[in-house]
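The values are calculated or read from the model by the stated rules, or taken from the named source; none is laboratory data. Owing to the predicted nature of the structure, the values given are computational and were not obtained by experimental measurement. In this analysis, Cβ positions are derived from the backbone assuming ideal geometry, glycine residues included, and neighbour counts consider all displayed protein chains. The accessibility values were calculated without ligands, DNA or RNA, using every heavy atom of the protein model including side chains. Shrake-Rupley method; radii C 1.70, N 1.55, O 1.52, S 1.80 Å.
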Amino acid sequence: MRSQRVEAIVLRHTDWGEADRLLWVFTRELGKLQVVAKGVRKPRSRKAGHLEPFTRVELLLARGRDLSIVTQAEAKDAYLALREDLVRVGYASYIIELLDRFTYEEGENIGLYRLLSETLTHINKEKEAAFAVRYYEVRLLDLVGFRPQLIHCVNCGAEIKAEDQFFSFEKGGVICPRCGSKEAGVRPVSMPALRILRHFQRSNYAEAQRARLSSAVDHELENLMGSYLTYLLERGLNSPEFLRCVRKIAENGDQ
Ligand SMILES: [Zn+2]
């Protein structure tokens, strides 16, 4: 076994064996990873307090062939202010769950790591935590390969004008009013909401913050992006299952 020091954010954990825990962490160096923390459910464990979900922690890992073992853990940021506010806890759980469900153990992704840790900091510190969450949704879509098309109509290719539009989950972007009125299953998206999406898509967080997010637009985007992300996840989760099924059928057919 070799040792490696990593910085990580704890996504979730489950009890394992007598006194151990299995943890899903998202590390800066290795991306998403499952690790074992031994003895952390014993009352006097020194590591336990450092390994709660949504803590940013420095870990020393003994890397085995299968699972890595946590040999040291030191919390860098427990986002304490966030934990005292249930709405903020809700936001943090939401962004963690999204990242967790959109990623596999596929190696380093520094962009995703930064987005997650910075968004936790914003939710922890900022007065209007919703702003950071709306920004996160747009950037996450980019980083996991589902960047929505917001400049041209995904149906006819016409440039999107400054008016209310439609959004197609299936085609992954904006549909102009001409096409949208004929298309089934599209959602309306207002011009102010679309303006925010486009602004977030091309801006870093400091630039993004120059825009004001009204509560009406926040609400609209929460519904639209929440439904879109759910749609993508359902589609994304069905395909591996489908693949497993057809592989099984193909294997049986060979015999
Ligand atoms: Zn069109």
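For the chain, give the percent of accessible area contributed by carbon and sulfur heavy atoms, probe 1.4 Å, rounded to a whole number. Of the solvent-accessible surface of the chain, carbon and sulfur hold 49 percent. Computed with a 1.4 Å probe over protein heavy atoms only, the accessible surface of the chain comes to 55 Å² per residue. Computed with a 1.4 Å probe on the full set of protein chains, the accessible area for His122 sits at about 30 Å². Once all protein chains are placed together, Phe54 keeps about 20 Å² accessible to a 1.4 angstrom probe.
In the chain, the alpha-carbon atoms span a convex hull of 166 Å³ per residue. Using the Cβ-Cβ distance between Arg195 and Thr230 with R0 = 25 Å, the FRET efficiency computed as 1/(1 + (r/R0)^6) comes to roughly 0.60. Here the chain is assigned +1 on the Cβ of each Lys and Arg and -1 on the Cβ of each Asp and Glu. Its dipole about the Cα centre then comes out at about 460 debye. Counting only heavy atoms of the protein chains and using a 1.4 Å probe, Lys171 has close to 90 Å² of accessible surface. Separation of the range 147-198 from the range 69-143 is 29 Å, based on Cα centroids. Projected onto its three principal axes, the C-alpha set of the range 1-149 covers 45, 33, 23 Å, listed from the longest axis down.
For the pair Ala216 and Ser3, label points projected 7 Å from Cα toward Cβ lie 6.0 nm apart. Based on Cα contacts under 8 Å between residues 6+ apart, the chain shows a relative contact order of 12 percent.
Figure note: Leu194, Leu22 ranked by solvent-accessible area, largest first, 1.4 Å probe, ligands and nucleic acids not counted: Leu22, Leu194. Helix 110-125 and the long axis of the chain differ in direction by around 90°, with both axes built from C-alpha atoms. Figure note: Tyr135, Tyr104, Tyr231 ranked by solvent-accessible area, largest first, 1.4 Å probe, ligands and nucleic acids not counted: Tyr104, Tyr231, Tyr135.
In the chain, the longest principal axis of the Cα atoms and the axis of helix 129-143 are about 90 degrees apart. Relative to the longest principal axis of the Cα atoms of the chain, the long axis of helix 86-102 lies at roughly 90 degrees. Other residues within the sphere of radius under 9 Å centred on the Cβ of Arg12, judged by their own Cβ, net out at -2 (K and R +1, D and E -1).
Sorting Glu118, Glu220, Glu170 by solvent-accessible area of protein heavy atoms yields Glu170, Glu118, Glu220, largest first, with a 1.4 Å probe.
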